[in-house]
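J.: Next up is a structure, given as structure tokens.
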């Protein structure tokens, strides 16, 4: 399993071999986990009519990472509990500043440590006169992770409410959703020379995929950490807004991880992603490549590595 590669690389390593055989070997394997989520992969910069079900093969590196992350979380919790309350709170706030700065930097959104600190201070002290401070809403939302006060997403409107509050004052009017809740027009994700995803256009189709996404995140039969990773991918794949999808998606991921592990692990995520964001974006691209048939292994493992790196730094 040390040489387990995605199907695209596997095909290069085995010229002349029918890649479908290897795909079915993985997809129909006894231990394979299949998710009730489907994608239309990309081929030469265009979405295809093919539909692939997302699936995951629990290889050795995944099992090792998930065990380590859970053990690390318990150790971090013990260490935090041994700190005086003032010290643990200050430590959390310092980390939160890096997290907010990191998730902004990933998207190229300019922010300074000073203005983030002001926003956190105003949010923590419930200063109503500072509600118009930049990132005040952002800080308020992330502070909920510390106390595990994040509410479940149960309906489509909950997603829009998160978007409106989290990104208050950060989205230009020209990029505001033009549908009932979400976008209702074309978006393209990629560089000037390459398209890596071209999500659905019609809001009704977007809503239908988000309904499946909501049902999935509230399904208990999947490992919660694995589910959080798959959920993060699929939200970005749907891309329900013109702008702000990454920041909303990472907030949802962090809030979920904070509830299932510990809040300190959760708010180390975006800072770690920002240190290696090219790998982050490439992992999305790999899943949407037609030659990978909806296998989500390496995206999941990539996210787990970010979590483990954050814990090591902690």
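J.: What is the angle, in °, between the Cα long axis of helix 85-106 and the longest principal axis of the Cα atoms in the chain? Nearest 10 is fine, range 0 to 90.
T.: 50
J.: Can I ask one more? In what sequence do 101, 313 fall when counting other Cβ within 10 Å, fewest first? Walk me through the numbers on the way to the answer.
T.: Details: 101 21, 313 12.
Listing 101, 313 from fewest to most nearby Cβ atoms yields 313, 101.
J.: What FRET efficiency comes out for residue 124 versus residue 151 if R0 is 25 angstrom and r is the Cβ-Cβ distance? Round to the nearest 0.05.
T.: Working from the Cβ atoms, E equals 0.80.
J.: Output the 0 to 90 degree angle, nearest 10, between the alpha-carbon long axis of helix 297-313 and the longest principal axis computed from the alpha carbons of the chain.
T.: Compared with the principal axis, the helix lies near 30 degrees.
J.: Between 221, 277, 260, which gets the highest mean-square fluctuation from a Gaussian network model of the chain, Cα cutoff 10 Å?
T.: Of 221, 277, 260, the most mobile in the Gaussian network model is 221.
J.: Could you work out the relative contact order of the chain? I mean the mean sequence separation of Cα pairs under 8 Å and 6+ apart, divided by the number of residues, in percent. Working shown, then result.
T.: Numbers: 405 pairs, mean separation 80.7, N = 314.
Relative contact order here is 26 percent.
J.: Also, I was wondering about something else. Report for the chain the percent antiparallel among DSSP-assigned beta bridges with both residues inside it, nearest 5. Provide the component values of the computation, followed by the final result.
T.: Details: 8 of 10 bridges.
If we restrict to bridges inside the chain, about 80 percent are antiparallel.
J.: A follow-up question, please. Sorting 229, 254 on the 10 Å Cβ count, fewest up front, what's the list?
T.: On the way: 229 22, 254 25.
Ordered from fewest to most neighbouring Cβ atoms within 10 Å, 229, 254 come out as 229, 254.
J.: Going by a ≥ b ≥ c, the root eigenvalues of the Cα gyration tensor, does region 166-209 fall in the rounded group (a/c under 1.5), the prolate group (a/b larger than b/c) or the oblate group? Intermediate values should be presented prior to the final figure.
T.: On the way: a/c = 2.31, a/b = 1.17, b/c = 1.98.
Oblate shape, in that a/c is at least 1.5 and b/c is the bigger or equal ratio.
J.: Give me the base-10 log of I(q)/I(0) for region 46-119 at each q in 0.16, 0.17, 0.28 Å⁻¹, Debye formula, one uniform scatterer per Cα, rounded to two decimals.
T.: Summing over Cα pairs of region 46-119 leads to -0.88, -0.90, -1.13.
J.: How many nm is it between the label spots at residue 115 and residue 204, if each spot is 7 Å from the Cα in line with the beta carbon?
T.: 4.1
J.: Would you kindly calculate the mean projected area, averaged across all directions, of the convex hull enclosing the Cα atoms of region 7-313, in square nanometres?
T.: Numbers: hull surface 66.5 nm².
Over all viewing directions, region 7-313 projects a mean Cα-hull area of 16.6 nm².
J.: Once R0 is set to 22 Å, what does the formula 1/(1 + (r/R0)^6) return for the Cβ-Cβ distance between residue 275 and residue 91, expressed as a FRET efficiency to the nearest 0.05? List each step's numbers first, then the result.
T.: Working: r = 20 Å, r/R0 = 0.89.
Taking R0 as 22 Å, the efficiency between residue 275 and residue 91 is 0.65.
J.: Pop the C-beta distance of residue 175 and residue 312 into the FRET formula with R0 = 41 Å and round what comes out to the nearest 0.05.
T.: On the way: r = 37 Å, r/R0 = 0.90.
For R0 = 41 Å, the calculated efficiency reads 0.65.
J.: How far, in degrees from 0 to 90, does helix 277-288 lean away from the longest principal axis of the Cα atoms of the chain, to the nearest 10?
T.: Orientation of helix 277-288: about 40 degrees from the principal axis.
J.: Next up: Which shape class, rounded, prolate or oblate, goes with region 1-151 when its Cα gyration tensor gives a ≥ b ≥ c as root eigenvalues, a/c under 1.5 marks rounded, and past that a/b bigger than b/c marks prolate?
T.: Here region 1-151 falls in the prolate category.
J.: Next up: Note down the nm distance, to one decimal, between modelled labels 7 Å out along Cα→Cβ at residue 83 and at residue 67.
T.: With each label placed 7 Å out from Cα toward Cβ, I get 2.9 nm.
J.: Run lengths n ≥ 4 of DSSP H only: what is the helix-derived mean residue ellipticity at 222 nm for the chain, with -39500 (n - 2.57) per run over all residues, to the nearest 500? Show your work: numbers first, answer last.
T.: On the way: 14 runs with 180 residues, N = 314.
Helix contribution divided over all residues of the chain: -18000 deg cm²/dmol.
J.: Also, quick follow-up: For region 157-314, just say rounded, prolate or oblate: build the C-alpha gyration tensor, square-root its eigenvalues into a ≥ b ≥ c, call rounded for a/c under 1.5, and beyond that prolate if a/b exceeds b/c, oblate if not. Provide the component values of the computation, followed by the final result.
T.: Values: a/c = 1.45, a/b = 1.29, b/c = 1.12.
Judged from the Cα gyration tensor, region 157-314 comes out rounded (a/c under 1.5).
Where a number appears in this text, it was derived from the coordinates with a stated rule and is not lab data. Keep in mind that what you see is a predicted model, and the values were worked out from it rather than measured. No Cβ is skipped: glycine too gets one built from the backbone with ideal geometry, and neighbour counts run over all protein chains shown.
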